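Structure, as structure tokens:
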Amino acid sequence: MFKAYVNGIELAYERCGRGTPLVLIHGYPLDHTIWNPVVPLLEASFDLILPDLRGFGQSGTVRIRFLLTDMAADIAALLDNLKIKTAVIAGHSMGGYIALAFARCYPSRLLGLGLVASQALADAPERKAGRTQEEEHILAHGVWDVAEGMSIKLTADPVLQSKLKDLMLQQRPEGVAGALRAMADRLDSTDILSSFDFPVTIIHGLADRIVPIERAREARAAVKKGTLVEIEGVGHMPMMEAPQITAEALNTLH
Ligand code: MLT
């Protein structure tokens, strides 16, 4: 992987393909490799940039409290480092929350936005409280229980469940706990959706057990130039469960 030193962190990223810059931001608690199935389907149209977020994969870990806007600032600094002014930004779930934070902070740098299995809403109070408990549990006992509990909710495919569980077990407790806190602290982005002048593509599995399809429909209703692709029989991991459909939808953004 390539490495860039941004905002005091060593950020690891993959880069391949040619065309319009497209940053693919992974979700929680995973890393850039979730996008591997769509990379061959996108690299003819896009200059693909696939970072591991701070605390995940091969990137450095930050031990002080941070926000999703700080993770969005890492992406902006990575683009600066690569001398890229504007890009399409697409994010999976938490990666979508970060893409929305990027859109709030740097609207003029966006050529388009992709939300994959994500939402614009902030956490309800009970979800926030649940995240605090999870964070304490992870810092005390590691990521085992999160990997065990979450893998079966991500997809109905047992082979993929086991692959994702292994990937989650590779993540560091400090990074996972930091991201949980940042998600709990995130702002509701519904207010900014209608201000977007760039195209928005929303991709969502009808069998998503983490973020229900209604959240995607609400986001679609709020944006001016948007497409929603609903995928039958797919859960929270469209890029792995239905790479062809996911790539076709993202390809409309170049
Ligand atoms: C994710 O898949 O990135 C997270 O589970 C999203 C969330 O917990 O809100």
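The values are calculated or read from the model by the stated rules, or taken from the named source; none is laboratory data. Owing to the predicted nature of the structure, the values given are computational and were not obtained by experimental measurement. When we count neighbours, we look across all protein chains shown, and the Cβ atoms used for this are built from the backbone with ideal geometry, even at glycine. SASA here: full protein model, heavy atoms, side chains in, ligands and nucleic acids out. Shrake-Rupley method; radii C 1.70, N 1.55, O 1.52, S 1.80 Å.
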- request: Give me the lysines in straight-line cross-link reach of K3: C-alpha distance below 18 Å, same-chain residues under 8 apart excluded.
  value: K83
- request: Sort 41-51, 144-154 for me by packing, meaning the mean count of neighbouring Cβ atoms within 10 Å per residue, highest on top.
  value: 41-51, 144-154
field: Residue-normalised accessible area of the range 200-240, given per residue in Å² at a 1.4 Å probe
entry: 42 Å²
- prompt: Which distance in nm do the two modelled labels at R127 and D80 give, with both placed 7 Å along the Cα-to-Cβ direction?
  reply: 3.1 nm
Simple label model, 7 Å out from Cα along Cβ direction - L160 to H141, nm: 2.8 nm
- prompt: In a GNM of the chain with a 10 Å cut-off on Cα contacts, which of V62, V116, V211 has the highest mean-square fluctuation?
  reply: V62
task: Would you list which aspartates and glutamates come within 17 Å of K224, measuring only between C-alpha atoms, while excluding same-chain residues fewer than 8 positions from it?
output: D191, D197
Estimated D of the chain in µm² per second, where Rh is the Kirkwood radius over Cα pairs and Stokes-Einstein applies at 20 °C, 1.002 mPa s: 120 µm²/s
query: Considering only protein heavy atoms and a 1.4 Å probe, what is the carbon-and-sulfur percentage of the accessible area of the chain?
result: 53 percent
query: Where does the range 181-254 land on Rg/Rh, using Cα atoms and the Kirkwood Rh?
result: 0.98
field: Residues listed by number, the range 162-204, amide nitrogen under 17 Å from I64 label point at 7 Å toward C-beta
entry: 175, 178-179, 182
Accessible surface of K224 - all protein chains present, 1.4 Å probe, nearest 10 Å²: 120 Å²
